[in-house]
1. When the residues of the range 45-71 are narrowed to those that are open to solvent by less than 30 Å² (accessible area, probe 1.4 Å), in contact with a Lys or Arg (Cβ under 7 Å, 6 or more places away or on another chain) and of a type outside the set (D, E, K, R), which ends up farthest from Gln308 (Cα to Cα)?
2. Only residues that are closer than 30 Å to Ala124 by Cα and either out of contact with any Cys (no Cβ under 6 Å at 6 or more places or on another chain) or in a strand (DSSP E or B) (or both): list them for the range 272-303, please.
3. Identify all residues within the range 219-240 that are open to solvent by 10 Å² or more (accessible area, probe 1.4 Å) and of a type in the set (Gly, Ala, Ser); write none if there are none.
4. Could you check the range 1-71 for helices (runs of 4 or more DSSP H) lying wholly inside it with 3 or more residues that are within 26 Å of the chain's Cα centre (by Cα)?
5. Tell me, yes or no, whether the range 76-90 has at least one residue that is surrounded by fewer than 17 Cβ atoms within 10 Å (Cβ to Cβ) and over 25 Å from Lys265 (Cα atoms).
6. So for the range 241-249 (the condition being in a strand (DSSP E or B), open to solvent by less than 30 Å² (accessible area, probe 1.4 Å), over 30 Å from Tyr167 (Cα atoms) and of a type in the set (S, T, N, Q)), does at least one residue qualify?
7. Pairs needed: first member in the range 183-204, acidic (Asp, Glu); second member anywhere, open to solvent by 20 Å² or more (accessible area, probe 1.4 Å); C-beta distance under 6 Å; at least 6 residues apart or different chains.
Amino acid sequence: MEKVRLGIIGLGNMGSSHAKKITAGEAGDEIILTAVCDIKPEKLEWAKAEFGDAVARFDDAEAMMDSGLVDAICVAVPHYDHPTYAIMAMKKGLHVMIEKPAGVYTEQVLEMNKVADECNVTFAIMMNQRTNCLYRKMREIIKSGELGEIRRTSWIITNWYRPQAYYDSGDWRATWSGEGGGVLLNQCPHNLDLWQWICGMPEKISAKLHFGKWHDIEVEDDVTAYVEYANGATGTFITTTGDFPGTNRFEVTLEKGKIIAINEKDGTSLTMWKTSVSEPEFSATNKIPFGHPEMVKSDVETDGQNPQHMGVFRAFAANILHGTPLVADGREGINGLTISNAMHLSAWTDSDIEVKSFDHAKYKELILEKAKNSRRKAAVNTSTVSNMDSTF
């Protein structure tokens, strides 16, 4: 194989954007678009006008997989069906890229990961924010140990403002049956992934969620969560689609300083404070009542690279062809989703959730019951796209 032949399932906002950029060569010369699939005739008409006969068109995902025209697929359909098509494709020996989130509930993602372990294929997830130099450098510094162990994490990510018109633009939006959640499932999968990728998985989660607080929707649009880590560190995660203007500030305090990433439209920055001695050592030896360690503040330089989605596709193709690392292995999608599911479960049960003993079956039962009684009576866990709207 000299090039990876890709088929995209779902030509909504993300699927169509990927298709245009890949055919324009933005994902490099090791991956080409050879087929697309959507249940909506107008989407296939758009693909014909955009790509002509150079890209085959299908209205059935399995038919595309069996066509012999693709080596890999990108799953860009609504959330519930990400595992459905990933599993189908992997069992047919096709490489798979899924959009975020990995799924709606952890039990279906665990099954998807089990199939991935059994099949000799590349499995990736579109965690494109991992390509952002701001977060890559932040992770590098923290993982290096130069600032010691993490003491506290805090992410205020409230620049996801959405007016009511956004939610009114599609009947699947902000519904339990269409998306399986609100700001945590739609806007924040990248942030939850980065949070655990940089700081590690928490052990305990307690969350307060407000459902339809700022909008006429049935799912969460305001979240405040508290977590605890194995080493005793604590963390908070605050998000909403109701704040304007919003904030994107990710702060991690460690034994020998802190690092803050700010990523907003009017500017980005990565700032580090490094102390001359660790706080535990200073506190144990210092004799001055209001003393504190000396510290140096610096603006952290990065490589400036932020290839986003096309960088993820380039790494996907390179992994298939050469065995080089992925940006994010698809199996890692379970991590951020577990945090998200635990936040929901904590709010629904008004209890702390132990991550290691998370009740996957209980969560599935509760989310599917909510989907059954959702405003949008769409089927969930379908085996074909025919019951789901692929427009994102």
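The values are calculated or read from the model by the stated rules, or taken from the named source; none is laboratory data. Since we're looking at a predicted model, the values are computed, not measured. Methodologically, a virtual Cβ is constructed for each residue, glycine included, from the backbone with ideal geometry; neighbour enumeration extends over all protein chains shown. To get the accessible areas, we keep the full protein, side chains included, count just its heavy atoms, and leave off ligands, DNA and RNA. Shrake-Rupley method; radii C 1.70, N 1.55, O 1.52, S 1.80 Å.
1. Met65
2. Keep residues of the range 272-303 that are closer than 30 Å to Ala124 by Cα, which gives 300-303.
Of everything in the range 272-303, those that are closer than 30 Å to Ala124 by Cα and either out of contact with any Cys (no Cβ under 6 Å at 6 or more places or on another chain) or in a strand (DSSP E or B) (or both) turn out to be Val300, Glu301.
3. Residues of the range 219-240 open to solvent by 10 Å² or more (accessible area, probe 1.4 Å): 222, 224, 226, 228-232, 234, 236, 238.
Hits for the range 219-240 are Ala230, Gly232.
4. Details: elements: 13-23, 41-51, 61-65.
The helices (runs of 4 or more DSSP H) meeting that bar are 13-23, 61-65.
5. As a first pass, look at the range 76-90 and keep what is surrounded by fewer than 17 Cβ atoms within 10 Å (Cβ to Cβ): none.
Checked against the condition, which is being surrounded by fewer than 17 Cβ atoms within 10 Å (Cβ to Cβ) and over 25 Å from Lys265 (Cα atoms), the range 76-90 yields no hits at all.
6. Looking for residues that are in a strand (DSSP E or B), open to solvent by less than 30 Å² (accessible area, probe 1.4 Å), over 30 Å from Tyr167 (Cα atoms) and of a type in the set (S, T, N, Q), one finds none in the range 241-249, hence no.
7. Glu203/Glu228; Glu203/Ala230; Glu203/Val355
Per-residue answers, yes or no, for (1) crowded, with 23+ Cβ neighbours inside 10 Å; (2) closer than 23 Å to Val77 by Cα; (3) at pLDDT 95 or above:
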{"residue": "Val109", "(1), (2), (3)": "yes, yes, yes"}
{"residue": "Val121", "(1), (2), (3)": "no, yes, yes"}
{"residue": "Met138", "(1), (2), (3)": "yes, no, yes"}
{"residue": "Gly148", "(1), (2), (3)": "no, no, yes"}
{"residue": "Arg162", "(1), (2), (3)": "no, yes, yes"}
